[in-house]
1. Given the options F109, F170, F125, name the one that is over 15 Å from the mean Cα position of the chain (by Cα) and not assigned by the TED database to the domain that holds T216.
2. Considering only residues that are outside any loop (DSSP other than H, G, I, E, B) and basic (K, R), look in region 165-184 and name the one that is surrounded by the most Cβ atoms within 10 Å (Cβ to Cβ).
3. List the strands (runs of 3 or more DSSP E) that sit entirely inside region 230-287 and contain at least 3 residues that are at pLDDT below 95.
4. State whether one or more residues within region 187-201 are touching a residue at least 40 places away in the same chain (Cβ under 8 Å), assigned to a strand (DSSP E or B), under 30 Å from D118 (Cα atoms) and of a type outside the set (F, W, Y).
5. Limited to region 220-229, what total is found for residues that are surrounded by fewer than 17 Cβ atoms within 10 Å (Cβ to Cβ) and either part of a loop (DSSP other than H, G, I, E, B) or in contact with a Cys (Cβ under 6 Å, 6 or more places away or on another chain) (or both)?
6. Do we have G144 as on the phi > 0 side of the Ramachandran plot and at pLDDT below 80 here?
7. For A248, only one of the following conditions fails: (1) over 30 Å from V96 (Cα atoms); (2) buried (at least 16 other Cβ atoms within 10 Å of the Cβ); (3) aliphatic (A, V, I, L, M). What is its number?
8. State all residues of region 185-194 that are open to solvent by 40 Å² or more (accessible area, probe 1.4 Å) and at pLDDT 80 or above; if no residue qualifies, say none.
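The values are calculated or read from the model by the stated rules, or taken from the named source; none is laboratory data. All values reported here derive from a predicted model rather than from experimental measurement. When we count neighbours, we look across all protein chains shown, and the Cβ atoms used for this are built from the backbone with ideal geometry, even at glycine. Just so you know, the surface numbers come from the protein's heavy atoms only, side chains and all, with ligands and any DNA or RNA stripped out. Shrake-Rupley method; radii C 1.70, N 1.55, O 1.52, S 1.80 Å.
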Amino acid sequence: MDSLSGMAVFVQAAQMGSFVGAGKHLGISASAVSKSIARLEEKLEVRLFHRSTRSLTLTAEGTRFLQRCRRIIQELEAAGEELRQTASSPQGPLRVSLPMIGKPFLPVFAEFQLLYPDIQLDLEFSDRLVDIIAEGFDAVIRSGVPKDSGLSARCLGRYRMLAVGSPDYFARHGKPARPRDLAEHRCIHFRFPDTGKLQRWMIQEDAQTERELPCTLICNSVEGRVCFALKGLGITYAADFMVREYLASGELRSVLEAYSEENGTFNLLWPSGRQVPLKLRALIDFLSDRIGFLS
């Protein structure tokens, strides 16, 4: 158990970048933290930190060791939590990161909270690429193909991207018959917050070089772009589940569907290689059954 205690001290010092800070967090002195790290380095026969009077940084060996230690500690925490939970009552905090589109997800999570009142949901809506393990998330929902091999994934559903506008807008400006006609229209764009680039509209009639579309309005909110399209400000490019009700009511109309090439998926991702806590298993199964807004 002394090795596990040393790992915990090491992880805390690495995360805080300070022996003093780690000591305060753990309720021990900075000297005790330093001695614990020294014993661990002696046992491993490697140097884990570069130390100076002003900074504390990990060595290459320390960085690799930190990743392993985090997994081990998370396994222990998951095992302890599993023992505390009962099979009939999932409970405890559950931190989930979701994309910046609340409309389709909020009703589903509200239903989940009603079904599992002993689970304390902590939802963060963000389009940034979060580090699930390092930032302490239990799971994330993201679109696209999972790129991290260290994560387990469950596909929640598929969607299609559409170009849409209001009947009023098309009455004033006409409907584009071919993708090239978009050059004569008012286009409402989405800017990715992490790169600053505009979303590409995958609407092409041939293999020619992609045409640059007019940029009438830019908005990094999906709900915002749909709202502006409803108000007749132009054509926007959105996932079908975001505009389905408006297409059904006639408030929006889709164009150029024959040329729309982009389809996507939403996936629920969580750390792999460990026992899934009961509260997380409840969420995985619930979302798999309830995400009905995706076709």
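1. F109
2. R180
3. 263-271
4. No, region 187-201 contains no residue that is touching a residue at least 40 places away in the same chain (Cβ under 8 Å), assigned to a strand (DSSP E or B), under 30 Å from D118 (Cα atoms) and of a type outside the set (F, W, Y).
5. Of the residues in that region, 2 qualify.
6. yes
7. Evaluating A248 over (1) over 30 Å from V96 (Cα atoms); (2) buried (at least 16 other Cβ atoms within 10 Å of the Cβ); (3) aliphatic (A, V, I, L, M) leaves (2) as the failure.
8. Of everything in region 185-194, those that are open to solvent by 40 Å² or more (accessible area, probe 1.4 Å) and at pLDDT 80 or above turn out to be R186, R191, F192.
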